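A.B. asks: Mind looking over this structure? Questions follow.
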Amino acid sequence: MHHRATRSHARVSSTTQREPSIRADFALPASQLPTLLTRMQATPVQLARVVLGAHQAMLTHRLMTGRSVLDHVAHLTETEALWHVRLGDLVSGAAVLRASHQSCEPRVEPRTADPAEVRSMLHTFYQARTALAQRIAEAPAMVHAVAALHPPLGMPVTLAGQCQMVLDHDQRHLGTISRLLLRD
């Protein structure tokens with residue numbers, strides 16, 4: 001029987017944290033990894049479905065967050081570097097995961113809605129996520145039980161917990177993208 005930690009909603013001032021209120025199950029059992037990996041691999045497909053069906057002008061229009069749809073796509077791609085670094089931290093047995101500002105600094109730059117660029121951005125994200133999922137799948141079994149401190153949250157995170165964080169991050173951005181595309 002596996003013990004499942006309760007979900008926590010960590011809220012830390014934006015002045016002390018770069019990652020906004022992350023919700024994660026930090027003590028998910030390793031048996032959840034196949035399900036989490038399947039969900040992680042589905043994100044690029046979900047993203048492509050939403051973005052490729054959108055009107056080109058809506059992809060670069062900035063509304064609610066100051067970011068456009070394509071800025072969010074770029075951010076998801078750039079953040080894959082952080083997930084790779086944190087996986088490396090867990091594999092190496094680090095006591096503390098690197099903070100986001102130590103491992104990747106997303107650069108939100110103006111994007112064009114050129115269909116070829118959009119497809120290229122989506123393909124880059126697909127490749128990065130596929131590589132991450134492959135690394136997680138190939139991680140030694142001993143890594144599944146290892147936990148390291150997540151700096152902004154001050155809580156230990158296992159590999160499965162980190163995967164849940166990735167999924168939560170994906171869903172926040174997919175939700176924002178959907179809301180941006182629903183606006184006129």
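The values are calculated or read from the model by the stated rules, or taken from the named source; none is laboratory data. This one's a predicted model, so the numbers in the text were calculated from it and none came from an experiment. Here the Cβ positions follow ideal geometry from the backbone for every residue, glycine too, while neighbour counts run over all protein chains shown.
A.B. asks: Applying the selection to the range 57-98, what residues are farther than 23 Å from G161 by Cα, in a helix (DSSP H, G or I) and free of Cβ contacts under 8 Å to residues at least 60 places away in the same chain?
C.D. replies: Matches in the range 57-98: A57, L59, T60, L70, D71, A74.
A.B. asks: Another one. Every residue in the range 34-56 that is aliphatic (A, V, I, L, M), within 18 Å of L180 (Cα to Cα) and free of Cβ contacts under 8 Å to residues at least 24 places away in the same chain, please. Give the steps one after another, and end with the answer.
C.D. replies: As a first pass, look at the range 34-56 and keep what is aliphatic (A, V, I, L, M): 36-37, 40, 42, 45, 47-48, 50-52, 54.
When the remaining residues are screened for being within 18 Å of L180 (Cα to Cα), the result is 47-48, 50-52, 54.
Residues satisfying the conditions do not exist here.
To keep it simple, each residue is scored yes or no on (1) over 16 Å from L47 (Cβ atoms); (2) surrounded by fewer than 18 Cβ atoms within 10 Å (Cβ to Cβ).
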| residue | (1), (2) |
| --- | --- |
| P115 | no, yes |
| R119 | no, yes |
| H123 | no, yes |
| Y126 | no, yes |
| E138 | yes, yes |
| V146 | yes, no |
| Q162 | yes, no |
| D170 | no, no |
| H173 | no, no |
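A.B. asks: Here's a follow-up. Can you find even one residue in the range 18-31 that is in a helix (DSSP H, G or I) and either at pLDDT 90 or above or over 16 Å from V118 (Cα atoms) (or both)? If you could, list the steps in order and put the result at the bottom.
C.D. replies: First, the residues of the range 18-31 that are in a helix (DSSP H, G or I): 30-31.
Now restrict to residues that are either at pLDDT 90 or above or over 16 Å from V118 (Cα atoms) (or both): 30-31.
The answer is yes, given that some residue of the range 18-31 is in a helix (DSSP H, G or I) and either at pLDDT 90 or above or over 16 Å from V118 (Cα atoms) (or both).
Residues are listed down the side, and each one gets a yes or a no for (1) in a helix (DSSP H, G or I); (2) closer than 16 Å to L37 by Cβ:
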site: L122; (1), (2): yes, no
site: Y126; (1), (2): yes, yes
site: L132; (1), (2): yes, yes
site: V143; (1), (2): yes, yes
site: V157; (1), (2): no, no
site: Q164; (1), (2): yes, yes
site: R172; (1), (2): yes, no
